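Q: My questions all concern the structure below.
The values are calculated or read from the model by the stated rules, or taken from the named source; none is laboratory data. Please read all numbers here as calculations on a predicted model, not as lab measurements. For neighbour counting, all protein chains shown are included, and Cβ atoms are generated from backbone atoms with ideal geometry for every residue, glycine included. Areas reflect the complete protein model, heavy atoms only, side chains present, ligands, DNA and RNA absent. Shrake-Rupley method; radii C 1.70, N 1.55, O 1.52, S 1.80 Å.
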Amino acid sequence: MSQAKLIALAAVVFLSCTQVTYAKTFCKPSNTTCWPNSTEIDALKQSLGPSINRQLKWTNSSQPRVTAVPINSASDQPLYGLSQNASLDPVYVRSQVDLGNTCFQPDASRYISTFCLASVRNYPYEGWTPAFVVWPVNASQVQIAVKFARKHNLCISVAGTGHDFLNRHSCADGVLIRTALLKDAVWDLTDTKGFGNADGNVKFGAGLVFSEVHKSAADNNRYVSSGWATTVGIIGWSIGGGHGPFSPGKGLGVDNILEVDIVLNSGELVTANSMQNSDLWWAIRGGGGSNWGVITAITIKAYKIPTGGFSFWQASWQGTFCNASLSQLDSFVDIYQNWTLTLNNQFGGLTFISPSFTNKTSDCLGTWSIYMSYVFQGPSTNANLTQFTTALTNAIKPTTSSTTSYANWWLLVQNKALEPIWPFAYLTPSSDYIGGLPSVLVSREVMSNGKWAAYAKARIRECLTRKNDNGCTRHEMYQDITGNVGSPQDQQVSISEGFRSAIVHYLVAYQDSTQIKALYSLGNNSYFSESAYTMDGFAERYWGSNYQRLQEIKAKYDPESDFACTHCVIGATASSDGITQFASYYLVLTLMSILISLF
Ligand SMILES: Cc1cc2nc3c(=O)[nH]c(=O)nc-3n(C[C@H](O)[C@H](O)[C@H](O)COP(=O)(O)OP(=O)(O)OC[C@H]3O[C@@H](n4cnc5c(N)ncnc54)[C@H](O)[C@@H]3O)c2cc1C
Ligand SMILES: *[C@@H]1O[C@H](CO)[C@@H](O)[C@H](O)[C@H]1NC(C)=O
Ligand SMILES: *[C@@H]1O[C@H](CO)[C@@H](O)[C@H](O)[C@H]1NC(C)=O
Ligand SMILES: *[C@@H]1O[C@H](CO)[C@@H](O)[C@H](O)[C@H]1NC(C)=O
Ligand SMILES: *[C@@H]1O[C@H](CO)[C@@H](O)[C@H](O)[C@H]1NC(C)=O
Ligand SMILES: *[C@@H]1O[C@H](CO)[C@@H](O)[C@H](O)[C@H]1NC(C)=O
Ligand SMILES: *[C@@H]1O[C@H](CO)[C@@H](O)[C@H](O)[C@H]1NC(C)=O
Ligand SMILES: *[C@@H]1O[C@H](CO)[C@@H](O)[C@H](O)[C@H]1NC(C)=O
Ligand SMILES: *[C@@H]1O[C@H](CO)[C@@H](O)[C@H](O)[C@H]1NC(C)=O
Ligand SMILES: *[C@@H]1O[C@H](CO)[C@@H](O)[C@H](O)[C@H]1NC(C)=O
Ligand SMILES: *[C@@H]1O[C@H](CO)[C@@H](O)[C@H](O)[C@H]1NC(C)=O
């Protein structure tokens, strides 16, 4: 035997002995030994209180949104009105007729069953339809649902709003647990629980969305760190990272998590915080959704509203792809780049550059527009606000600009336009698109050395040669993370280190497998919740050197991988010599085939 063969054999033997914690084979509908029969399904329904009123209905803008709203839903009702005038069922069971590719089609031929309505979520992938959709009303009912799934060896996925971009709220033929009915809100304004946050804390049920959260906060003279959209859910946003207007001042979603209540795969309900199950608490502060258990409640930090409230500054610029106008856009990019470095933690904002070629007959008919909105934690009269906004608008005159003040954040979000969910398989990878929302975290260094600006200018110019494809796309710069001057940088988080040195989360959709390399040359890390679907080395990109520890914690709390999702943490235990080993069936199989070919 040659040396190479010996090494290969040793590797296969070693990896085969390592505990394999992924690639669990779940029960299939055709297997009558494990698949639940009608008596067992009825028993599940009965155990979930079938007569409890379960309603998800939106009144009007005087009241907060209650969950996400799918596109083209009459009077903006969730679930296409399934629960507008009636109670939801505790369990929806898939029938043969629901087994099309997806429940919905973008054209008029969509088929709608109550099962499809109850499982509505963003960009569901083909072939990933759950078999059961459960609507628990409290943590005990979540436990019942998890135990049912375990008993029948079914995979478990979780959806609150269903806003996830990367299909992480899905698993084929399993149990989809929907948490939207868990709506408790308990405020502790004086920190009697002793978490150490002077302005207090709040325990939210897993079903609350930011619209409800901001209303509840305003009623208590507080605000919380949040995303921009109103129907995004508190859980998915918080545990994957969580950027938004207040993050530069008050931290990302992960930084604000004080405690979670979570139902583990065993069916046990546990609490995780800095003292109790602290490894799980750390993992949840960045380890992402649907992977550790079902979170039933989350306690986060609360903040007193700044004197004078909040200011909302907006500005826009417009131009064409004629040379003179295009060089103005170049100037903007250069000036903006320097400007971002000067902002302190009172600011959090976003900048979108949108190039477009609707009329492709001449370069000069191409257009670009820039939209900026920055939130300032303080009144519009504050000298820092006027100093920094005029620094930019004096350097390059905007088409429009305005500043509006709000006594609390609910007053702004109350009338915000809806960002609907799309229940079709749209962001799916294809031959010329890697899928999802390709993005990169850009450090202060890359922002100051001109690399970001050079990339952005070149990519915008690509529109001239790619008028007919999706390559001419929007550039989204989110300066709403924790890279501003004076931003808090809690270290007890499992997000990547690159998230901490980053000043902008930069998103440029529609990349193919070649183009993405240029984007990734701007940074080694990407944001878990808004990133490409196809990603080599995803674990490094999301978690960097935190990944090994995350794998061990996954193996401890979900040893059989009943919770699994795309590009999520895969469990692995530390081997006896202390080296963490990651082994999947695929790796073993690959090595075996190499071995076979060698002999
Ligand atoms: C319109 C829109 C705007 C957005 N804006 C921002 C933004 O400003 N800032 C930002 O950071 N992100 C933003 N995002 C991304 C957003 O944070 C993610 O899509 C996030 O995952 C959504 O969380 P959710 O709970 O609403 O969605 P869901 O699809 O319900 O859940 C998201 C993930 O969390 C898991 N999950 C949900 N609930 C639970 C639970 N109770 N227990 C365990 N796992 C759970 C799901 O399985 C899934 O993996 C936006 C997304 C959309 C669609
Ligand atoms: C059916 O399920 C049983 C119990 O989980 C399992 O032992 C068996 O291997 C499964 N059969 C097939 C064909 O997958
Ligand atoms: C369903 O399964 C249970 C438990 O295996 C069994 O006791 C019961 O007889 C089955 N019911 C039907 C209708 O097959
Ligand atoms: C909104 O609904 C509430 C409760 O049904 C009602 O009292 C109020 O008049 C409505 N407001 C508007 C603006 O329609
Ligand atoms: C619910 O009732 C209202 C008022 O009668 C009606 O307008 C609406 O269409 C109903 N919704 C559904 C989904 O049936
Ligand atoms: C959950 O709800 C069910 C049905 O209303 C109720 O019987 C049960 O006591 C509740 N559990 C808890 C912990 O509140
Ligand atoms: C822009 O300048 C280049 C180089 O001088 C020239 O080739 C091109 O035709 C110009 N385009 C427009 C739209 O003016
Ligand atoms: C940006 O800052 C650098 C370094 O201070 C400087 O050299 C450059 O001229 C600035 N660019 C613009 C457009 O202000
Ligand atoms: C595109 O612009 C040209 C020049 O202005 C014009 O003649 C033509 O009608 C336009 N085409 C469309 C589809 O608008
Ligand atoms: C302006 O910003 C500086 C630097 O971040 C800060 O120290 C100061 O308190 C701010 N001033 C006001 C009035 O908010
Ligand atoms: C990415 O990581 C490599 C290796 O550690 C390093 O050399 C490189 O500078 C990093 N890239 C950026 C943009 O930070």
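Q: How much of the DSSP beta bridge set in the stretch 38-178 is antiparallel, as a percent to the nearest 5?
A: Bridges in the stretch 38-178 that DSSP calls antiparallel: roughly 30 percent.
Q: While we're looking at this one, here's another question. Considering only the other residues whose Cβ falls under 10 Å of the Cβ of I421, what net charge follows from Lys and Arg at +1 and Asp and Glu at -1?
A: My count for the surroundings of I421 gives -1.
Q: Summing -39500 (n - 2.57) over the DSSP H runs of n ≥ 4 in the chain and dividing by its residue number, what mean residue ellipticity at 222 nm do you reach, to the nearest 500 deg cm²/dmol?
A: -8000 deg cm²/dmol
Q: Spelling out what I want: for every residue of the stretch 207-222, take phi, set θ = phi - 60°, compute 6.51 cos²θ - 1.76 cosθ + 1.60 (Karplus), and round to whole Hz; glycine and proline get x.
A: Running phi through 6.51 cos²θ - 1.76 cosθ + 1.60 with θ = phi - 60° gives x, 7, 10, 4, 4, 5, 4, 5, 5, 4, 5, 4, 4, 10, 6, 9 Hz.
Q: Please calculate how many Å² of accessible area the chain carries per residue, with a 1.4 Å probe and no DNA, RNA or ligand atoms counted.
A: So the chain comes to 39 Å² accessible per residue, rounded to a whole number.
Q: Could you tell me which of the pairs K360/K397; K250/K397; K215/K250 are separated by over 24 angstrom between their Cα atoms in the structure shown?
A: K360/K397; K250/K397
Q: Which percent, to the nearest 5, of DSSP beta bridges fully inside the chain are antiparallel?
A: Roughly 90 percent of the DSSP beta bridges within the chain come out antiparallel.
Q: Pop out the ³J(HN,Hα) list for the stretch 298-311 in order, Karplus 6.51 cos²θ - 1.76 cosθ + 1.60 with θ = phi - 60°, rounded to Hz; leave Gly and Pro as x.
A: 9, 10, 10, 6, 10, 9, 5, 5, x, 4, x, x, 10, 10
Q: Further, regarding this structure: Compute the normalised compactness of the chain: alpha-carbon radius of gyration over 2.2 N^0.38 Å, N being the residue count.
A: 0.99
Q: On a straight-distance basis, which lysines could pair with K28 in a cross-link, Cα separation under 24 angstrom, same-chain partners fewer than 8 positions away excluded?
A: K28 reaches K45, K147, K151.
Q: What is the Cα centroid distance between the stretch 140-193 and the stretch 212-242, reported in whole angstrom?
A: 18
Q: Share of the chain's accessible area from carbon and sulfur, percent, 1.4 Å?
A: Solvent-exposed carbon and sulfur of the chain make up 52 percent of the total.
Q: Using alpha carbon centroids, what distance separates the stretch 411-483 and the stretch 533-564, in Å?
A: 25
Q: Something else now. Considering amide H positions built from the backbone, and no H for Pro or chain starts, which residues 5 or more places from I421, or on another chain, come under 5 Å of its amide H?
A: V69, I71
Q: Right, something else. Label-point separation (nm) for K556 and L411, each offset 7 Å from Cα along Cα-to-Cβ?
A: 4.7
Q: Under 5 Å between amide hydrogens, which residues at least 5 positions from A532 or on another chain qualify, with H placed 1.01 Å from N in the peptide plane?
A: Amide H neighbours of A532: L437, S439.
Q: Here is a follow-up. Ranked highest first by average number of other Cβ atoms within 10 Å, how do 133-142, 184-193, 223-232 line up?
A: Ranking the peptides 133-142, 184-193, 223-232 by packing returns 223-232, 133-142, 184-193.
Q: In whole Hz, what ³J(HN,Hα) sequence does the stretch 370-380 give by Karplus (6.51, -1.76, 1.60; θ = phi - 60°), x for Gly and Pro?
A: 3J(HN,Hα) across the stretch 370-380, in whole Hz: 10, 10, 10, 9, 10, 9, 10, 7, x, x, 5.
Q: In whole Å, how far is the Cα centre of the stretch 317-352 from that of the stretch 51-85?
A: 39
Q: Which three semi-axes in whole Å describe the equivalent ellipsoid of the stretch 212-260, each the square root of 5 times a Cα gyration tensor eigenvalue, listed largest first?
A: Whole-Å semi-axes of the equivalent ellipsoid: 16, 12, 11.
Q: Determine one quarter of the surface area of the Cα convex hull of the stretch 38-178, which equals its mean projected area, and express it in nm² to one decimal.
A: Reported value for the Cα convex hull: 8.7 nm².
Q: Collect residues whose amide H, placed 1.01 Å from N in the peptide plane, falls under 5 Å from the amide H of S443; neighbours closer than 5 in sequence don't count.
A: Answer set, sorted by chain and number: I503.
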